[in-house]
Amino acid sequence: MTKFGTAIFTEMTLLAQEHEAINLGQGAPDTEGPAVIHEAAIEAIRRGKNQYAPDRGTLVLREAIAQHQRHHYGIELDPETQIQASAGATEALCASIMSLCEPGDEVIVLEPYFDVYPAIIELAQGKLVPLRLNAPDYEVDEAKLCAAVTERTKLILVNTPHNPTGHLMTRDELEAIARVAIEYDLTVITDEVYEHLTFDGREHTPIASLPGMFERTLTISSSGKTFSTTGWKIGWFSGPEHLVEAAGLVKQYLTFSNGHPFQYGIARGLTLPDAEFHAIRDRLRQQRDLLVPSLERAGFGIMAADAGYFVSVDVAPLGYTDSYEFCRELPAKAGVAAIPMIPFYTDASGAESLVRFAFCKRPEVMIEAGKRLEKAFG
Ligand SMILES: *Cc1c(COP(=O)(O)O)cnc(C)c1O
């Protein structure tokens, strides 16, 4: 594992602190989610929910997840056998990849990718096969996906809304992945932690809701990004019993269970009325719309941010060819920190000048960051 070294987020956060820069590197929100969620967790602590949660997660949470999937997507789940709580989406990814990927198996991963994926595939002794999504639209190419499949392919790891690009997959793209998964009899693991954070009238579609996909899909999500509770680490996975049971077996020996009182808080959150979810995503869209025009005026090449916490930009128009170099200079030069996207590629050729900015910060912080960037580059 030594080759994974220090995560890029740690390096850029240290630089941000050193220069007292606004940290738009890490995707950690600086606003609070709905207070009723906090109250439900506090109440659970007062009611003595302070010992180990059941290994599958408290039934109240699993029932809330079932209700959430039915209400938002029309997916029916049995809370007893088809849902498992986890220590964030990270543990769900660990448990699912470790249980479904045997040494030497190939896992097709959309590239650029969330940095946790290659590390987990390494732990499982699998082989990551990147499927490049190209700027500016980052769409999945069905022919390239087919070409990436070999005898050893076991899994396709989907992530939509996508980190780090901000791309939301269209139904056409999801149908293309579904066709390939069905044709080659592959299992799909899908990371949907930004499911509620979609903008401009777009809606997230879970790949598990497509015809023929439920039986071969393990769906992962988490409360952290939706409810600004990244520190609680309450996540979950769901799907057909055989996949949930397999991943649950590994999960049992990772943490067994976690965050018992927080599970009650998130159960409350998942059953909130639609208006609350809309308010959350509208606030985030406003924050995006405070940052992106400034980036444009400063001269960055802008890609669409359809969903999630991030906008990806090209620094080539500013005269930089290397996003590492750009991001190492940025805190001193502009008083803002961002993340180079190079580490999110197996081979970043042709993508060396892409940078990711997070917009999950308060409006005044977005405005100030925008001003600083325009001053430094505009
Ligand atoms: C933040 C993030 C995660 C991790 O979620 P946790 O619930 O904090 O473990 C997983 N996948 C993606 C794409 C993320 O951005």
Suppose R0 equals 51 Å; then what is the FRET efficiency for residue 20 and residue 203 from their Cβ-Cβ distance, rounded to the nearest 0.05?
0.85
Which whole-angstrom value gives the distance between the alpha carbon centres of segment 220-265 and segment 21-41?
19 Å
Extend 7 Å from the Cα of residue 137 along its Cα-to-C-beta direction; within segment 304-342, residues with backbone N under 15 Å of that point are 304-306
Quickly estimate the mean residue ellipticity at 222 nm for the chain, helices only: each DSSP H run with n ≥ 4 gives -39500 (n - 2.57), and the total goes over all residues, rounded to 500.
-13000 deg cm²/dmol
Which residue fluctuates the most in the chain, going by a Gaussian network model with Cα springs under 10 Å, if the choices are 337, 95, 348?
348
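Which FRET efficiency, nearest 0.05, do residue 364 and residue 35 yield, Cβ-Cβ r, R0 22 Å? Write out the running numbers ahead of the final one.
Numbers: r = 21 Å, r/R0 = 0.95.
Efficiency, rounded to the nearest 0.05: 0.55.
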So residue 325 and residue 255, fully extended at 0.36 nm per residue minus their Cα-Cα distance, gain in nm 21.4 nm
Which of 197, 354, 186 moves most in a GNM of the chain, Cα contacts under 10 Å?
186
Under the Karplus curve 6.51 cos²θ - 1.76 cosθ + 1.60, θ = phi - 60°, whole-Hz ³J(HN,Hα) for segment 127-143, x wherever Gly or Pro sits
10, 7, 10, x, 10, 5, 9, 9, 5, x, 9, 6, 8, 6, 9, 4, 5
How large is the Kirkwood hydrodynamic radius of segment 23-130, in angstrom, based on all distinct alpha carbon pairs?
17.0 Å
Spacing of the two label points (7 Å from each Cα toward its C-beta) at residue 152 and residue 81, in nm
3.5 nm
Estimated distance in nm for a label pair at residue 7 and residue 43, the labels positioned 7 Å out from Cα along Cα-to-Cβ:
3.3 nm
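Within segment 71-173, which GluC sites (Glu not before Pro) sit in a loop by DSSP and count at most 16 neighbouring Cβ atoms inside 10 Å?
On the way: sites: 76, 80, 91, 106, 122, 139, 142, 151, 173; in loops: 76, 80, 139, 151.
Counting only loop positions with at most 16 other Cβ atoms within 10 Å, the GluC sites (Glu not before Pro) in segment 71-173 are 76, 80, 139, 151.
Determine, from the Cβ-Cβ distance of residue 271 and residue 333 and an R0 of 56 Å, the FRET efficiency 1/(1 + (r/R0)^6), rounded to the nearest 0.05. The partial results should precede the final answer.
Working: r = 46 Å, r/R0 = 0.83.
Computed FRET efficiency for residue 271 and residue 333: 0.75.
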Please report, in whole Å, how far the alpha carbons of the chain spread along each principal axis, starting with the longest.
56, 53, 41
Ignoring ligands, DNA and RNA, please state the percent of accessible area on the chain from carbon and sulfur, probe 1.4 Å.
50 percent
Whole-number accessible area per residue in Å² for the chain, which is evaluated in the context of all protein chains at 1.4 Å:
40 Å²
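The values are calculated or read from the model by the stated rules, or taken from the named source; none is laboratory data. All figures in this text were calculated on a predicted structure; none of them were measured in a lab. Neighbour counts are summed over all protein chains in view; Cβ atoms, including those assigned to glycine, are modelled from backbone coordinates with ideal geometry. With ligands, DNA and RNA removed, areas are computed over all heavy atoms of the protein, side chains included. Shrake-Rupley method; radii C 1.70, N 1.55, O 1.52, S 1.80 Å.
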